[in-house]
Every structure is written in C-alpha cells, then in structure tokens.
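The values are calculated or read from the model by the stated rules, or taken from the named source; none is laboratory data. Everything quoted here is computed from the prediction, not taken from an experiment. Ideal geometry is used to build each Cβ from the backbone, glycine not excepted, and the neighbour counts take in all protein chains shown. For the accessible areas, the whole protein counts, side chains as well, though only heavy atoms, and no ligand, DNA or RNA atoms are used. Shrake-Rupley method; radii C 1.70, N 1.55, O 1.52, S 1.80 Å.
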Amino acid sequence: QEQLVESGGGLVQAGESLRLSCTASGRTFSSYSMGWFRQAPGKERDFVAHITQSGESTYYAESVKGRFTISRDNAKSTVYLQMNNLKPEDTAVYYCAADSLLSGSYYYTSLYEYDFWGQGTQVTVSS
C-alpha cells in the first residue's frame, strides 16, 4: 500500500527554521488528507497540522499557530511542514500521515484517523 517517507529533520538552535518533506509512493496522493504529528520522549504522539485534499483548508495545534505552515504539492505527491521560530519544546520525532477518508470519519486531530504513516524524522532544537 501507500508508503510515506519524511525528510528534512535535523539539529538547529532556537529561533531557526526547518522545512520537513513527506513524499508518498502511491498514485492516489491527491485523494488523501494529510497530517503531521510529533512525539517527544516520554510523551504521546500529538497533532501538529492537517491539510485537506486540494490544500484548500489547513488546521494547526495551538502550540504551533503562527510559526508552522503546512502545504502540499499534489503533482509531486509531497506534503511539507515549514517550521519557523523553533523552540526547544518543538524537539520531537515528526511523522506524516495519510487519511484515505474511506472510514467516513474526519477526526483529523486523532492519530487513529490516519491509515498510513511515515517512519518519522528527528527534529532537535537546542537553547
């Protein structure tokens, strides 16, 4: 089935920026809503951002509003997460996920909504 591969993580100082990418190998990328989640050590995997199939709507966790931007390029089967003004509390493994929308539910802030997951990419922000 669909495979998702994240890239772009790394080590940065507080206040700097990173751009994460997630590329899908399947041929039906445009049929999925896409999300980004993150998981810090000892913490639950938390919702970060979501984008609808054609990119017409986006949603963000309160902790990242105004700093992060989710976008997608369906021609490249890729979803992005631009992260600006990074803070130490942003340190986590970041995962992209695809929602096939076949379940008939739309709980985009829940990890259980999504059908396919990437392997994760580490983001570390030092103070």
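Tabulated results
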read-out: Tally of residues being charged (D, E, K, R) and open to solvent by 40 Å² or more (accessible area, probe 1.4 Å) across region 1-18; value: 1
read-out: Residue match in region 96-104 (condition: on the phi < 0 side of the Ramachandran plot, exposed (fewer than 13 other Cβ atoms within 10 Å of the Cβ), modelled with pLDDT under 95 and assigned to a loop (DSSP other than H, G, I, E, B)); value: yes
read-out: Qualifying residue in region 45-52 (condition: among the acidic types (Asp, Glu) and within 16 Å of Gly120 (Cβ to Cβ)); value: yes
read-out: Residue identified as surrounded by 14 or more Cβ atoms within 10 Å (Cβ to Cβ) and more than 22 Å from Val5 (Cβ to Cβ) among Ser63, Ser31, Ser21; value: Ser63
read-out: Inter-residue pairs, beta-carbon under 9 Å, first closer than 18 Å to Ala40 by Cα and surrounded by fewer than 21 Cβ atoms within 10 Å (Cβ to Cβ) and in region 66-95, second modelled with pLDDT under 95 and hydroxyl-bearing (Ser, Thr, Tyr), 6+ apart; value: Lys87/Ser127; Pro88/Ser127
